[in-house]
2 protein chains.
Amino acid sequence: MTTATSPRDLAHPARDQIRLETVLHALSDPMRLRVVRELAAADGEVACSYIELPVTKSTTTHHFRVLRESGVIRQAYRGTAKMNGLRRDDLDALFPGLLDTVLSAADAQAARQGTA
Amino acid sequence: MTTATSPRDLAHPARDQIRLETVLHALSDPMRLRVVRELAAADGEVACSYIELPVTKSTTTHHFRVLRESGVIRQAYRGTAKMNGLRRDDLDALFPGLLDTVLSAADAQAARQGTA
């Protein structure tokens, strides 16, 4: 985990610190999976407020932190906004095909449930 | 979840009850991921005792139950042995490529760590 030197400096694992089990755990929550799907669809950095989840703000913050600390997303402050983006390059390098397979599986499941 | 009518009748989710998030959670534990890798390598049913984990028997039983209840494995009694097999057909039908991608990612991670 990189050291956070100020409150606005967010800690991220380096690529070689990202663990498959931790990534799978980060993806195993419906709200976090929804965030990842929206970030994948956005294809770039988006503000936390861009993604609306049916949970409290503190729970949303928690989910984003789990995603960041697992290495699934990168978070950075830009002025007053906290911006988020998928660490696709890192994940694809470490676990080829995993992110896309999970995203496809999530799409297929949503389609079966009529919630796509 | 199918109803278990006797203590030797183990409850399994039907294919259409298997949820992606639950499967990812089942796979997100190092011991459970190890079980899945061994079952994939065995390519058939094996007894619980075939897979040695560095945890207590009750913890091992717990991990197998999580895998069964998530739909990742099928367990059945054969005489006095509890046999285990991957539900590859169900998982491949629901989430094409997911199981193989996770297994490949686990192999790659083990190779990087020199624990393959």
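Loop-resident GluC sites (Glu not before Pro) (DSSP state other than H, G, I, E or B) in segment A:34-98 with no more than 16 further Cβ atoms inside 10 Å of their Cβ: A:GLU52.
The heavy atoms of B:MET83 present about 40 square angstrom of accessible area, all protein chains included, probe 1.4 Å. Carbon and sulfur together cover what percent of the accessible area of segment B:1-88 at a 1.4 Å probe radius? The computed percentage sits at 51. Every helix of 4 or more DSSP H residues in chain B counts as -39500 (n - 2.57), and over all residues that averages to -15500 deg cm²/dmol at 222 nm. Straight-distance candidates among the aspartates and glutamates for linking to B:LYS57, with alpha-carbon spacing under 17 Å and chain neighbours fewer than 8 residues away dropped: B:ASP29. Taking the three principal axes of the alpha carbon atoms in chain A, the coordinate ranges are 46, 31, 22 Å, sorted in descending order. Farthest toward the positive end of the dipole of chain B, out of B:SER104, B:GLY79, B:ILE18, is the Cα of B:GLY79, where the dipole comes from beta carbon charges about the Cα centre. Residues of segment A:84-116 that bury at least 30 Å² of accessible area once all protein chains are present, compared with their chain alone (1.4 Å probe, heavy atoms only, ligands and nucleic acids left out), are A:LEU94, A:PHE95, A:LEU98, A:THR101, A:VAL102, A:ALA105, A:GLN109, A:ARG112.
Remark: the Cα gyration tensor places segment B:20-63 in the oblate category, a/c being 1.5 or greater and a/b not exceeding b/c. In the context of the full set of protein chains, the protein assembly as shown has a per residue accessible area of 50 Å² (1.4 Å probe).
Compared with its chain on its own, segment A:7-36 contains the following residues whose accessible area drops by 50 Å² or more in the full protein assembly (probe 1.4 Å; ligands, DNA and RNA excluded): A:ARG19, A:LEU20, A:GLU21, A:LEU24, A:SER28.
Determine the shape class of the protein assembly as shown: with a ≥ b ≥ c the square roots of the Cα gyration tensor eigenvalues, call it rounded for a/c under 1.5, and otherwise prolate if a/b is greater than b/c, oblate otherwise. Here the protein assembly as shown falls in the prolate category.
Chains A and B together bury roughly 1900 Å² of accessible area, counting both sides, with a 1.4 Å probe on protein heavy atoms only. A cut-off under 11 angstrom between Cβ atoms defines the neighbours of B:VAL36, and their net charge, with Lys, Arg +1 and Asp, Glu -1, is +3.
The values are calculated or read from the model by the stated rules, or taken from the named source; none is laboratory data. From a predicted model like this one, the values you see are computed outputs, not experimental measurements. Please note: Cβ atoms are built from the backbone with ideal geometry, for glycine as well, and neighbour counts cover all protein chains shown. Surface areas here come from the heavy atoms of the whole protein model, side chains and all, with no ligands, DNA or RNA. Shrake-Rupley method; radii C 1.70, N 1.55, O 1.52, S 1.80 Å.
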